[in-house]
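Below: the structure, in structure tokens.
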Amino acid sequence: MDFSFSPELKMWREAVHDFAAKEIKPFAAEYNEREETMWPALQKGGEQLGLLGMSVPEAYGGSAVDPLAFAVAIEELGWADGGTALVVAAHNGLGCAPIVMFGNEEQKKRFLPRVTGGQPGRLAALALTEPDAGSDLKGVKTHAELEGDHWVINGSKMWITNSGDADYIVTLVRTSPERSSHSLSLIVVPTGTPGLHVGPPEKKMGLGTTHSHAITYENVRVPRENLLGEVGQGMYQTLQVLDGGRISIGALALGIAQAAFEEAVAYAKQRITFGKPLSARQAIQFMLADMATEIHAARLMVYHAAWLKAQGKPFTHAAAMAKLFASEMAERVTRNAIQIHGGYGYSREYPVERMYRDTRLMTIGEGTSEIQRLVIARRVVSSMAGLF
Ligand SMILES: Cc1cc2nc3c(=O)[nH]c(=O)nc-3n(C[C@H](O)[C@H](O)[C@H](O)COP(=O)(O)OP(=O)(O)OC[C@H]3O[C@@H](n4cnc5c(N)ncnc54)[C@H](O)[C@@H]3O)c2cc1C
């Protein structure tokens with residue numbers, strides 16, 4: 001068993017880290033305060049590192065990094081700014097991945113090269129969640145009917161990340177009335193299509209540099225050939241896409257936790273109470289030791305899930321475990337980072353306050369912690385031997 005990174009992966013981590021340290025982290029506070037997307041960083045990251053095409057093959061304008069390099073990049077971006085990391089993770093893992101995985105040659109050529117540069121209006125989004133259906137996607141009501149050569153889509157979606165700046169929105173629709181795994185399909189909806197209305201950004205708790213919107217579809221007509229794969233495969237396709245997305249949410253949570261931990265260590269070394277720095281107090285040292293240990297455990301789990309994916313091995317359960325553990329770990333770490341900062345930790349002047357708010361989404365988006373436990377438990381209680 002070899003836990004070391006290849007020289008290429010080391011260089012990649014350094015390149016993304018240096019970029020994030022220079023182009024993202026110093027501006028994170030002001031952009032989050034203004035709730036503004038970091039377009040300059042997204043554009044530079046697109047041009048210099050191919051960050052907006054990480055899940056896209058080179059033939060369609062992407063940079064096609066492997067799943068471990070992808071996880072490492074999202075971790076580094078999360079370390080610099082959770083919201084910007086989420087823009088990149090959702091764009092690649094949710095918006096581009098369904099077309100890469102299930103699109104035909106014509107669809108890949110038509111949709112992917114337009115969205116790999118990181119320009120405003122050229123992101124990709126995936127619309128699954130609805131006002132009455134999130135965890136339980138079989139309850140999706142947005143429906144598509146075939147009329148001649150077009151799908152006509154009606155319904156509404158909630159919380160769709162990147163949709164306000166998207167070139168297209170891959171949309172999960174009902175193509176048959178019964179409540180079964182075979183009644184849903186994925187259809188690519190270009191954002192200029194008449195009848196597609198994207199609402200204002202939702203007012204969120206954190207992640208100010210990423211935006212999520214409600215969407216309504218009013219007789220939205222898209223060509224028949226915008227369907228991904230076969231009719232009725234949407235649920236199956238979505239679950240596969242979410243498996244990959246869960247590794248990146250785990251990586252994102254890991255990056256935020258790492259950043260909060262670094263802030264906590266630095267603060268504990270310089271803050272003097274009762275004549276000694278906080279870092280000399282065992283109570284604080286134990287908190288830092290627990291943080292370091294949990295971050296390390298989460299990192300191993302996230303990298304392991306990404307490695308399984310890269311090897312073409314089953315990774316559903318490893319991804320669910322990595323997301324579950326990393327996202328809940330990041331809540332504990334950011335919470336304790338605030339604790340170590342005392343009153344300053346509660347102030348917007350210090351970044352740990354933002355990290356605590358940002359990380360709160362990670363146990364909710366792309367499958368809540370409860371849904372991850374369902375996925376893991378199903379496997380644990382089934383008769384299949386071994387988890388990996
Ligand atoms: C900032 C943000 C960005 C998002 N981006 C996107 C996006 O890009 N695309 C998209 O499609 N969606 C997106 N979402 C939606 C997100 O994926 C859903 O919020 C999430 O899947 C949970 O669904 P829900 O909100 O409907 O909660 P519900 O499904 O109503 O669940 C509510 C609570 O009940 C629990 N629960 C539900 N079922 C069970 C059960 N069987 N057993 C035990 N507990 C259960 C859940 O874990 C949760 O705690 C985003 C959400 C946010 C907040």
Which listed residue, of Arg360, Arg335, Arg348, Arg373, is within 16 Å of the chain's Cα centre (by Cα) and either among the basic types (Lys, Arg) or more than 16 Å from the ligand (Cβ to nearest atom) (or both):
Arg360
Spans of helices (runs of 4 or more DSSP H) in the stretch 45-147 with at least 1 residues surrounded by fewer than 24 Cβ atoms within 10 Å (Cβ to Cβ):
67-80, 97-102, 105-111
Considering only residues that are on the phi > 0 side of the Ramachandran plot and within 12 Å of the ligand (Cβ to nearest atom), look in the stretch 148-184 and name the one that is surrounded by the fewest Cβ atoms within 10 Å (Cβ to Cβ).
Trp159
Restricting attention to strands (runs of 3 or more DSSP E) lying wholly within the stretch 182-235, give those where 1 or more residues are within 19 Å of Ala144 (Cβ to Cβ) and in contact with a His (Cβ under 9 Å, 6 or more places away or on another chain).
196-201, 212-223
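Please go through the stretch 315-330 and give me each residue that is part of a helix (DSSP H, G or I) and either out of contact with any Ser or Thr (no Cβ under 9 Å at 6 or more places or on another chain) or free of Cβ contacts under 8 Å to residues at least 12 places away in the same chain (or both), ordered by number. Break it down stepwise before answering.
So the first thing to find is which residues in the stretch 315-330 are part of a helix (DSSP H, G or I), and the list is 316-330.
Of everything in the stretch 315-330, those that are part of a helix (DSSP H, G or I) and either out of contact with any Ser or Thr (no Cβ under 9 Å at 6 or more places or on another chain) or free of Cβ contacts under 8 Å to residues at least 12 places away in the same chain (or both) turn out to be Thr316, His317, Ala318, Ala319, Ala320, Met321, Ala322, Phe325, Ala326, Met329.
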Do we have Arg354 as within 26 Å of Leu68 (Cα to Cα) and either without any contact (Cβ under 8 Å) to a residue 60 or more places away in the chain or part of a helix (DSSP H, G or I) (or both) here?
no
If Ile160 satisfies all but one of (1) in contact with a Phe, Trp or Tyr (Cβ under 8 Å, 6 or more places away or on another chain); (2) in a strand (DSSP E or B), what's the number of the condition it fails?
(1)
Enumeration of residues in the stretch 196-214 that are touching a residue at least 40 places away in the same chain (Cβ under 8 Å), more than 10 Å from the ligand (Cβ to nearest atom) and within 14 Å of Ser156 (Cβ to Cβ):
Ala214
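From the list Ala297, Ala253, which one is more than 16 Å from the ligand (Cβ to nearest atom), at pLDDT 95 or above and aliphatic (A, V, I, L, M)? Spell out how you get there, then give the answer.
On the way: Ala253 fails: more than 16 Å from the ligand (Cβ to nearest atom).
Ala297 is the lone residue from the list that is more than 16 Å from the ligand (Cβ to nearest atom), at pLDDT 95 or above and aliphatic (A, V, I, L, M).
Considering only residues that are without any contact (Cβ under 8 Å) to a residue 24 or more places away in the chain and away from the ligand (no atom under 16 Å from the Cβ), which ones fall in the stretch 105-138?
Within the stretch 105-138, Glu105, Arg110 qualify.
The values are calculated or read from the model by the stated rules, or taken from the named source; none is laboratory data. The model shown is predicted, which means the values in this text are computed figures rather than measured ones. Don't worry about glycine lacking a Cβ; one is built from the backbone with ideal geometry, like all the others, and counts go over all protein chains shown.
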